[in-house]
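Structure first, commentary second.
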Amino acid sequence: MSKIFIIIQREYLSRVKKKSFLVMTILGPLLFIGLIFAQFWIKMIPEEKQNILVIDESNLFIGKLENTANHAFKYSQNAVETELQSLYKGNNNVLLYIPENIIESQKIQLYYKKQPGIGLQEYISSVIGKKLEEFKLVASGIKPEQLKATQTKLVVTTTKVEKSGELEKKDNEIMMVVGFLAGLLIYFFVFLYGSQVMRGVIEEKTSRIVEVIISSVKPFQLMMGKIIGIALVGLTQFVLWIVLSAVGIGISSSMLAKNEIEKIKTEQTFKNNVPQNSAFKDLENQQKAEIMDSFFNQINWPVMLFSFLFYFMGGYLLYAGLFAAIGAAVDSEADTQQFMMPITIPLIFSFVMAQNVMTNPESALSFWLSVFPLTSPVIMMVRIPFGVPYFDLAISMIALILGFLAVTWLSAKIYRTGILMYGKKSSYRELWKWLFYKP
Amino acid sequence: MDVFSTQNVVKKYDNYLALDQVSIKVRSNTIFGLLGPNGAGKTSLIRIINQITGPDSGALFFNGQTLRPEHIEKIGYLPEERGLYKKMEVGEQALYLARLKGLSRYDAAKRLKIWFEKMEITSWWNKKIEELSKGMQQKVQFVVTVLHEPELLILDEPFSGFDPINANMIKNEILELKNKGTSIIFSTHNMASVEELCDDIALLNKSRIILEGSVKEIKKDYSTHTYKIDFSGNIVAFTNAIWTGFELLDKHSDGNLNHATVRLLNQNTPNQLLEAIIPHVMVNGLQEVIPSMNDIFIARVNNEKIELNANLTE
């Protein structure tokens, strides 16, 4: 059995057998599902019931504010000062003061004992705002129905014209989301597992076992064994996450289905104040259908999945060598900071540039960023959902492979020297010299 | 037959010359002491022998063949800075390291069982290294080093970290390995163990070999022609008797018995010394003062004549 395989085996098993791996593997999807759950749950928590005392000097709103499940309105004719003094005596939480000149000033005032939720403020603002609009419309002789008839929601459809004359409909938003998520995953994977490589190298160096091992195998074998072993750990965890998440989402969505109906009901009551005509609803449904259509049909999924796997692995492999070299150059994890720049800068840069690439996926800048190996794993994933010529993709992939070979070759040189340097503060100058040491 | 030899090995780091034309010969089935002060180049040489690094120039031979990567499996190396994976279990770790040296899992497990019983550490198999004491870890590491039955064993300070009982146990294991035919390169600062164990030595200082040969020959070469004499009688008479041809280095008296240290000059022999003093005093004993390896080491490194301080007070 090849020795590098023995190393890969140890690196893989020693990590997969750890309790923390098991915990992370189970916790990951749980956190993910938990987040989704939490969103629904938070929406379903009833806000604290608010008793609102209204002092309306304009007399426009008396008796016109509707009570809801969370809000009860009462009205008072007293002066604001007297009611403020007795606010703590009664069971009113909030005092709403509407001045006489509300139409001109467009200002109302909320007094409270305890900070009311943003929901209450939004509710009052939208209800009173709507009423004010209606008053103004009536004052200028327009009926509210007339206005509604003029309301327009414009739909923009984007279509790409291919050289062949073929037309391809594209929904940019969904592509942005898909590309960005894929890039984000790669970004995290590189950092998460790259730093595991670094920690592994530091562990071997500080425990001095490295000298025993490299008297049996070549330093390069040890480095690559570690990098590949950890890559497999990452893949295992990733696959388990997907499987567990899928199962978890399946279970929780059937549980949620019941709650979903109630949620829709509450949304309906919320929207009651803002009635919509049926034409709007049709339009919305149509848009939803279009989003689904673009998600499933406009993105080239075979290319997307293959590229994702390629850049997922390629990006990690490219950076893992650098992480290993850093681990070899230092004596403890605390010293790694000074050498992290060459890793963090291109990664964070590609992440920042991802925004630009999303809006201009076919610009020259996007092209070069998706070819340059240090940025291509994140950037290319952002571009792919928009459709990338196979030529671009091939150049980018070849560049990534070449970049990986070059970076690993250089890293191996630093690694080889670094692992045997104990108790010496290294600098970039030092690392530069190591590149030229004879083995 | 030499199991291992180097010819004019040179190694440079930056502008620092770590090894300068170093040639050593390790005879088959012997213990070869690689000595030298800190920073002399011992570790550089050992790393080159282990093919961890390569020489800038010079040649290395293993059993007469040029040293090649596959020879790694016939060499065992115990570095001075010991280290094992702290979180890994003892047995699993020993298996891993043995497999990296080319043993199959089956062979490694079989041999480990024998060694663990011999070293009385069988019960540690499932323990993590970090749960063991330093001495216990050293034992595990020693077993791992010799498990693949190397032809050449390189031990860098093998006794450090052991209590006297375990140190003795390791010493006996080393001698037993030698008896079975293993050749050993033994690097240490402990000169007493050099005299006890080594057949040949090489002394490295400032990147060069400044002394080499068999321990016996070297001690003979460094004979100081100095003798310790116990006698009773008049000290003045004694001093007068050795006035010509000898040099009195030291004398002291405890009651009736006098002790003197005398160096022979002009190629005089111990017999001539006796002839000179017998008429004047009563000789109780005569003993040659042999320089220890420690004295030779210090003297050669400092490039001085042998000082016998250590022996004079014996």
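The values are calculated or read from the model by the stated rules, or taken from the named source; none is laboratory data. Here the structure is a predicted model, which means the values were calculated and not measured. Every residue, glycine among them, receives a Cβ derived from its backbone with ideal geometry; neighbour counts consider all protein chains shown.
I'd like the full set of residues that are among the charged types (D, E, K, R) and facing chain A (nearest Cβ under 10 Å), limited to the range B:67-88. Please lay out each step first, then the result.
Going residue by residue through the range B:67-88, those that are among the charged types (D, E, K, R) are B:68, B:70, B:73-74, B:80-82, B:86-87.
Within the range B:67-88, B:Glu73, B:Glu80, B:Glu81, B:Arg82, B:Lys86, B:Lys87 qualify.
Suppose we filter the range B:213-262 for residues that are in contact (Cβ under 8 Å) with a residue 60 or more places away in the chain and within 30 Å of B:Ile24 (Cβ to Cβ); how many remain? Steps first, please.
Going residue by residue through the range B:213-262, those that are in contact (Cβ under 8 Å) with a residue 60 or more places away in the chain are B:215, B:218-219, B:222-224, B:226-228, B:249-250.
Still in the list and also within 30 Å of B:Ile24 (Cβ to Cβ): B:215, B:218-219, B:222-224.
Looking only at that region, the number is 6.
Need the failing condition index for B:Leu103 against (1) more than 11 Å from chain A (Cβ to nearest Cβ); (2) of a type outside the set (D, E, K, R); (3) farther than 26 Å from A:Tyr422 by Cβ, just the number.
B:Leu103 satisfies all of (1) more than 11 Å from chain A (Cβ to nearest Cβ); (2) of a type outside the set (D, E, K, R); (3) farther than 26 Å from A:Tyr422 by Cβ except (1).
Applying the selection to the range A:197-212, what residues are touching a residue at least 24 places away in the same chain (Cβ under 8 Å) and β-branched (Val, Ile, Thr)?
Correct list: A:Val197, A:Val201, A:Ile202, A:Thr206, A:Val210.
In the range A:216-224, is there at least one residue being closer than 30 Å to B:Gln138 by Cβ and without any contact (Cβ under 8 Å) to a residue 40 or more places away in the chain? Full working, then the answer.
First, pick out the residues of the range A:216-224 that are closer than 30 Å to B:Gln138 by Cβ: A:216-223.
Those left that are additionally without any contact (Cβ under 8 Å) to a residue 40 or more places away in the chain: A:218.
So far as the range A:216-224 goes, yes, one or more of its residues are closer than 30 Å to B:Gln138 by Cβ and without any contact (Cβ under 8 Å) to a residue 40 or more places away in the chain.
Please report, ordered by residue number, the helices (runs of 4 or more DSSP H) entirely within the range A:357-439 with at least 3 residues that are exposed (fewer than 15 other Cβ atoms within 10 Å of the Cβ) and more than 14 Å from chain B (Cβ to nearest Cβ). Walk me through how you get there before you give the answer.
Values: elements: A:364-369, A:376-383, A:390-418, A:428-434.
It comes to A:364-369, A:390-418.
Each row is one residue, and each column tells you yes or no for (1) of a type in the set (A, V, I, L, M, F, W, C); (2) modelled with pLDDT of 90 or more.
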| residue | (1), (2) |
| --- | --- |
| A:Lys288 | no, no |
| A:Trp301 | yes, no |
| A:Gly315 | no, yes |
| A:Asp331 | no, no |
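Go through the range B:26-60 and give me each residue that's touching a Phe, Trp or Tyr at 6+ places or on another chain (Cβ under 8 Å) and either assigned by TED's automatic domain parsing to the domain that holds B:Phe297 or in a strand (DSSP E or B) (or both).
Across the range B:26-60, the qualifying residues are B:Val26, B:Ile31, B:Phe32, B:Gly33, B:Leu34, B:Leu35, B:Leu60.
From the list A:Lys205, A:Lys131, pick out the single residue that is of a type in the set (D, E, K, R), under 30 Å from A:Lys74 (Cβ atoms) and surrounded by 14 or more Cβ atoms within 10 Å (Cβ to Cβ).
Working: A:Lys205 fails: under 30 Å from A:Lys74 (Cβ atoms).
Step by step, each of A:Lys205, A:Lys131 is checked, and only A:Lys131 is of a type in the set (D, E, K, R), under 30 Å from A:Lys74 (Cβ atoms) and surrounded by 14 or more Cβ atoms within 10 Å (Cβ to Cβ).
If you go through the range B:64-89, how many residues are assigned to a loop (DSSP other than H, G, I, E, B) and more than 15 Å from B:Gln7 (Cβ to Cβ)?
Initially, the range B:64-89 is screened for residues assigned to a loop (DSSP other than H, G, I, E, B), giving B:64, B:67-68, B:79-88.
Next, from what is left, pick out any that are more than 15 Å from B:Gln7 (Cβ to Cβ): B:68, B:79-88.
Count: 11.
Yes or no: B:Lys110 of a type in the set (Lys, Arg) and either within 11 Å of chain A (Cβ to nearest Cβ) or not in a helix (DSSP H, G or I) (or both)? Explain how you work it out, then say what you get.
Numbers: of a type in the set (Lys, Arg): yes; either within 11 Å of chain A (Cβ to nearest Cβ) or not in a helix (DSSP H, G or I) (or both): no.
For B:Lys110, the condition - of a type in the set (Lys, Arg) and either within 11 Å of chain A (Cβ to nearest Cβ) or not in a helix (DSSP H, G or I) (or both) - is not met.
For the range B:125-152, which positions are assigned to a helix (DSSP H, G or I), farther than 22 Å from B:Lys171 by Cβ and away from every other protein chain (no Cβ under 12 Å)?
Filtering the range B:125-152 down to residues assigned to a helix (DSSP H, G or I) leaves B:129-131, B:134-146.
From the residues that got through so far, the ones that are farther than 22 Å from B:Lys171 by Cβ too are B:129-131.
Scanning the range B:125-152 gives a single hit, B:Glu131.
Within the range A:134-156, which residues are free of Cβ contacts under 8 Å to residues at least 60 places away in the same chain and loosely packed, with under 11 Cβ neighbours inside 10 Å?
Taking the range A:134-156 as the starting set, the residues that turn out to be free of Cβ contacts under 8 Å to residues at least 60 places away in the same chain are A:134, A:136-147, A:149-152, A:154, A:156.
Listed by number, the residues that qualify are A:Ala139, A:Ser140, A:Gly141, A:Glu145, A:Gln146, A:Ala149, A:Thr150, A:Gln151, A:Thr152, A:Leu154, A:Val156.
On the given criteria, is B:Glu92 under 22 Å from A:Gly200 (Cα atoms) and surrounded by fewer than 21 Cβ atoms within 10 Å (Cβ to Cβ)?
Taking the combined requirement at face value, the residue satisfies it.
Go through the range B:39-56 and give me each residue that's surrounded by fewer than 17 Cβ atoms within 10 Å (Cβ to Cβ) and facing chain A (nearest Cβ under 10 Å).
Passing the criteria: B:Gly54, B:Asp56.
Say we look at the range B:202-235 and pick out the residues that are of a type in the set (A, V, I, L, M, F, W, C) and assigned to a helix (DSSP H, G or I); which of these is nearest to B:Leu257 (Cα to Cα)? Spell out how you get there, then give the answer.
Residues of the range B:202-235 that are of a type in the set (A, V, I, L, M, F, W, C), as a first pass: B:202-204, B:209-211, B:215, B:218, B:229, B:231, B:235.
Now narrow it down to the ones that are assigned to a helix (DSSP H, G or I): B:215, B:218, B:235.
Working: B:Val215: 34, B:Ile218: 33, B:Ile235: 10 Å.
The selected residue is B:Ile235.
If I ask for residues that are more than 14 Å from A:Ile124 (Cβ to Cβ), small (Gly, Ala, Ser) and surrounded by 12 or more Cβ atoms within 10 Å (Cβ to Cβ), which ones from the range A:53-78 would you list?
Matches in the range A:53-78: A:Ser58, A:Ser76.
Residues in the range B:116-175 that are touching a strand residue (DSSP E or B) at 6+ places or on another chain (Cβ under 7 Å) and under 24 Å from A:Ser215 (Cβ atoms): how many?
Kept after step one, since they are touching a strand residue (DSSP E or B) at 6+ places or on another chain (Cβ under 7 Å), are these residues of the range B:116-175: B:126-128, B:141-142, B:145-146, B:148, B:150-158, B:174.
Checking the rest, the ones that are also under 24 Å from A:Ser215 (Cβ atoms) come to B:128, B:141-142, B:145-146, B:148, B:150-158, B:174.
Total meeting the criteria: 16.
Please enumerate the residues belonging to the range B:246-267 that are assigned to a loop (DSSP other than H, G, I, E, B) and at pLDDT 85 or above.
Taking the range B:246-267 and keeping what is assigned to a loop (DSSP other than H, G, I, E, B), we get B:255-256, B:265-267.
Scanning the range B:246-267 gives a single hit, B:Leu265.
Looking at (1) surrounded by fewer than 20 Cβ atoms within 10 Å (Cβ to Cβ); (2) under 12 Å from the mean Cα position of the chain (by Cα); (3) at pLDDT below 90; (4) not small (Gly, Ala, Ser), find the lone condition where B:Asp199 falls short.
With (1) surrounded by fewer than 20 Cβ atoms within 10 Å (Cβ to Cβ); (2) under 12 Å from the mean Cα position of the chain (by Cα); (3) at pLDDT below 90; (4) not small (Gly, Ala, Ser) applied to B:Asp199, the lone miss is (3).
Going through the range B:2-24 one residue at a time, which ones are away from every other protein chain (no Cβ under 14 Å) and free of Cβ contacts under 8 Å to residues at least 60 places away in the same chain?
Matches in the range B:2-24: B:Ser5, B:Thr6, B:Gln7, B:Asn8.
Please verify whether the range B:35-49 includes one or more residues that are among the hydroxyl-bearing types (Ser, Thr, Tyr) and in contact with a helix residue (DSSP H, G or I) (Cβ under 6 Å, 6 or more places away or on another chain). Steps first, answer last, please.
Applying the first criterion (among the hydroxyl-bearing types (Ser, Thr, Tyr)) to the range B:35-49 yields B:43-44.
Remaining after also requiring in contact with a helix residue (DSSP H, G or I) (Cβ under 6 Å, 6 or more places away or on another chain): none.
Checked the range B:35-49: no residue is among the hydroxyl-bearing types (Ser, Thr, Tyr) and in contact with a helix residue (DSSP H, G or I) (Cβ under 6 Å, 6 or more places away or on another chain).
Looking at this structure, is B:Val10 of a type in the set (A, V, I, L, M, F, W, C), surrounded by fewer than 20 Cβ atoms within 10 Å (Cβ to Cβ) and more than 30 Å from B:Glu195 (Cβ to Cβ)?
For B:Val10, the condition - of a type in the set (A, V, I, L, M, F, W, C), surrounded by fewer than 20 Cβ atoms within 10 Å (Cβ to Cβ) and more than 30 Å from B:Glu195 (Cβ to Cβ) - is met.
Just one of the numbered conditions (1) in a helix (DSSP H, G or I); (2) in contact (Cβ under 8 Å) with a residue 40 or more places away in the chain; (3) within 28 Å of A:Glu81 (Cα to Cα) is not true of A:Glu122; which one?
(2)
Select from the range A:192-218 the residues that are within 19 Å of A:Phe404 (Cα to Cα) and either modelled with pLDDT under 90 or not in a helix (DSSP H, G or I) (or both) and list them in ascending order.
Passing the criteria: only A:Leu192.
Report whether or not A:Thr375 is touching a Pro at 6+ places or on another chain (Cβ under 7 Å) and at pLDDT 90 or above. Working first, answer last.
Values: touching a Pro at 6+ places or on another chain (Cβ under 7 Å): yes; at pLDDT 90 or above: yes.
Considered against the rule, which asks whether it is touching a Pro at 6+ places or on another chain (Cβ under 7 Å) and at pLDDT 90 or above, A:Thr375 comes out as yes.
How many residues, within the range B:125-156, are surrounded by 18 or more Cβ atoms within 10 Å (Cβ to Cβ) and touching a residue at least 40 places away in the same chain (Cβ under 8 Å)?
20
Scan the range A:27-45 and give yes if some residue there is within 14 Å of chain B (Cβ to nearest Cβ) and not polar (S, T, N, Q), otherwise no. Please lay out each step first, then the result.
First, the residues of the range A:27-45 that are within 14 Å of chain B (Cβ to nearest Cβ): none.
No: the range A:27-45 contains no residue that is within 14 Å of chain B (Cβ to nearest Cβ) and not polar (S, T, N, Q).
Given the conditions (1) among the β-branched types (Val, Ile, Thr); (2) exposed (fewer than 11 other Cβ atoms within 10 Å of the Cβ); (3) within 28 Å of A:Ala139 (Cα to Cα), which single one is not true for A:Ile103?
Checking A:Ile103 against (1) among the β-branched types (Val, Ile, Thr); (2) exposed (fewer than 11 other Cβ atoms within 10 Å of the Cβ); (3) within 28 Å of A:Ala139 (Cα to Cα), the one that fails is (2).
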